[in-house]
Amino acid sequence: MSAAPAGPRGAPDVRTRFAPSPTGPLHLGHAFSALTAAQLAEKAGGTFLLRIEDIDRQRSKPEWEQRIYDDLRWLGLEWPEPVLRQSERMAAYDDALELLWRAGLLYPCSCSRADIYQAASAPQEGAPLTGPDGIVYPGTCRPADAPARRTDRRPGGALRLDMARAAGRLGDMPYMETGEGGPRSVAGPAAMMVERIGDVVLQRRDFGTSYHLAVVVDDAAQGVTLVTRGADLAEATPIHVLLQRLLGLPLPWYHHHRLIRDETGRRLAKRDDARAISRYRAEGATPENIRRMVGLA
Ligand code: GLU
């Protein structure tokens with residue numbers, strides 16, 4: 001980083017975060033992400049926050065959560081308590097969904113994955129286009145004439161964002177990205193959002209919320225001014241900027257860091273137990289060794 005990122009509106013306060021899901025062991029990629037965020041905060045005299053992203057109640061386990069705390073403390077990281085846990089935040093997600101529903105921007109969707117694949121692969125459609133959430137939704141359930149405002153009750157089940165409507169109301173959505181070369185503005189054109197991202201699910205049938213919605217609501221609640229996360233999530237960022245605008249939330253800056261890969265160039269995943277931090281610990285590695293392994297020492 002050549003310049004410490006200022007917060008939005010030029011404020012110097014850097015509040016950034018590491019937001020793991022307790023669904024498996026933290027590996028070297030997580031260590032890199034957490035250490036990068038902590039370093040960015042430290043350099044700017046700011047704050048490093050931890051958030052537990054456990055909206056997936058099936059896959060999240062208390063043991064994994066405990067191991068996250070243990071591993072991060074062992075790495076030498078500290079964060080303010082209490083830690084925000086997404087499973088305790090359903091009321092806040094509900095409020096945000098309600099606002100979008102009333103604004104006429106959400107619609108119910110009953111398509112299965114197979115339905116979507118089939119509709120998107122119809123011969124006249126060519127190869128299905130994929131975006132941050134997989135195949136770009138072909139619009140099967142999208143109402144042609146949704147009301148501009150809704151007063152009826154928000155249904156359960158899956159709700160999608162009508163991207164053309166949302167982007168049409170807001171126009172282009174530029175955001176600030178920090179990196180090696182210093183801060184730069186990314187254009188975020190509205191047309192790209194419609195074509196390459198499409199109608200993302202914001203209320204999942206199984207979770208009652210979604211990753212995109214929860215992240216945006218929580219970054220605002222935690223006063224995050226700099227979102228630090230891997231480059232693999234960069235393509236989701238325009239969705240988050242759009243949601244921040246729709247919900248009237250402050251726009252943080254974004255730092256998408258490089259990914260830690262294995263010898264074959266593959267990005268590390270939770271199943272890569274061999275690179276679990278706890279494994280290195282058990283084998284006698286020091287936090288300094290880990291920093292060196294991820295190129296931070
Ligand atoms: N919970 C996400 C993950 O573990 C990260 C979300 C984010 O940083 O925005 O990949």
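When Lys270, Lys43 are arranged by Cβ crowding within 10 Å, least crowded first, meaning fewest neighbours, the order is Lys43, Lys270. As a test, work out the antiparallel percent of DSSP beta bridges whose residues both lie in the chain, rounded to the nearest 5. Of the beta bridges lying entirely in the chain, close to 45 percent run antiparallel. For the range 116-255, taking the reciprocal of the average inverse distance between every pair of different Cα atoms yields a Kirkwood hydrodynamic radius of 16.3 Å. If I fit a long axis through the Cα atoms of helix 62-74 and take the longest principal axis of the Cα atoms of the chain, what angle between them do I get, 0 to 90°, rounded to 10? Roughly 40 degrees between the two axes.
A cut-off under 10 angstrom between Cβ atoms defines the neighbours of Asp219, and their net charge, with Lys, Arg +1 and Asp, Glu -1, is +2.
Working value for the range 34-111: equivalent-ellipsoid semi-axes of 32, 18, 11 Å, each the square root of 5 times a Cα gyration tensor eigenvalue, largest first. Compared with the dominant principal axis of the Cα atoms in the chain, helix 237-247 is inclined by about 60°. Helix 28-43 and the long axis of the chain differ in direction by around 80°, with both axes built from C-alpha atoms.
Considering only Cα atoms, the convex hull volume of the chain works out to 145 Å³ per residue.
Read the figures in this text as sums done on the coordinates, not as results from a lab. The structure displayed is predicted, hence computed values, not measured ones. Glycine gets a Cβ as well: all are built from the backbone with ideal geometry, and neighbour counts include every protein chain shown.
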